[in-house]
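Participant: Mind having a look at this structure? Questions to follow.
The values are calculated or read from the model by the stated rules, or taken from the named source; none is laboratory data. On a predicted model such as this, the values are computed, not experimentally measured, just so you know. All Cβ positions, even for glycine, are placed from backbone atoms using ideal geometry, and neighbour counts span all protein chains on display.
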Amino acid sequence: MSKTARPARTRTTGKSTAAKPAGRRRPVTRGASKKVVGKKVVGKKTAGKKATSARGPARRRAEFSDKALRAATAKAPRAATPRLPADVKLAVAAALDKQAIDLTVLDLRTASAFTDFFIVCTGNNTKQVQAIADGIETILREAGQKPALVEGYRRGEWILLDYFSFIAHVFLPAQRTFYALERLWGGAEPIEVSAS
């Protein structure tokens, strides 16, 4: 047979049991990929693409970046926002009143968590972080609620206010990026909070 009249190579998905001739190596074809047709795998030539190995860090990085890209572009605006309880709305309003930035409410009711909501916000410096925590505590104390636990107030880097049905986290920017509660509680649904 001539080189141009070769039949297409086919093989099943399992490993071939045929013996290979000793001393003869199969030529490596760059840019070739396999196409599955039924139960047969047929060679398919792709022009201009480099062949990637099935394993290795480069492949994993490419898969990770593809997943991250799909996740970032797949976020569609939600039609309905879940209703927030009155005490959570008061805490959000108090934090926004003290100029909290990047305020996010995480709905943990669907996740297996010990509370229903997380309020996560950031202050620019320790004094602002403490002022945001004071504002939340003051507004809710006027509404008749006291926090069960307040942690981190003295240091002012990450203040936690536990009200059982929700927990308010007030961070400095460096601590918020380090602890990344939004990523840690990935199963929680973020709720958009407007400044008005």
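Participant: Can you list the strands (runs of 3 or more DSSP E) lying wholly within region 38-144 that have 2 or more residues being at pLDDT 55 or above?
Facilitator: Here the list reads 101-107, 117-122.
Participant: Going by what's in this entry, would Gly156 be described as at positive phi, surrounded by fewer than 13 Cβ atoms within 10 Å (Cβ to Cβ) and not in a helix (DSSP H, G or I)?
Facilitator: no
Participant: Next question. Would you pick out the residues in region 170-196 that are among the aliphatic types (A, V, I, L, M), modelled with pLDDT under 85 and within 14 Å of the chain's Cα centre (by Cα)?
Facilitator: Ala188
Participant: Find all pairs meeting these conditions: Cβ atoms under 6 angstrom apart; at least six residues apart or on different chains; first residue within region 108-131 and over 19 Å from Glu182 (Cα atoms); second residue outside any helix (DSSP H, G or I).
Facilitator: Close Cβ pairs satisfying both conditions: Thr126/Gly156; Gln130/Gly156; Ala131/Lys98.
Participant: Under the condition of being in contact (Cβ under 8 Å) with a residue 40 or more places away in the chain and in a loop (DSSP other than H, G, I, E, B), which residue from region 159-188 is farthest from Ala91 (Cα to Cα)?
Facilitator: Among those residues, the one meeting the criterion is Gly187.
Participant: Would you check which residues across region 159-180 are of a type in the set (A, V, I, L, M, F, W, C) and crowded, with 18+ Cβ neighbours inside 10 Å and list them?
Facilitator: Ile159, Leu161, Phe166, Ile167, Ala168, Val170, Phe171, Leu172
Participant: Something else now. Quick one: is Ile191 touching a residue at least 24 places away in the same chain (Cβ under 8 Å), in contact with a strand residue (DSSP E or B) (Cβ under 8 Å, 6 or more places away or on another chain) and surrounded by 16 or more Cβ atoms within 10 Å (Cβ to Cβ)?
Facilitator: Yes: the conditions hold for Ile191.
Participant: Sticking with this one: Quick check on my filter: what residues within region 141-160 are in contact with a strand residue (DSSP E or B) (Cβ under 8 Å, 6 or more places away or on another chain) and closer than 12 Å to Val129 by Cα?
Facilitator: Gly152, Tyr153, Glu157, Trp158, Ile159, Leu160 - these are the residues of region 141-160 that are in contact with a strand residue (DSSP E or B) (Cβ under 8 Å, 6 or more places away or on another chain) and closer than 12 Å to Val129 by Cα.
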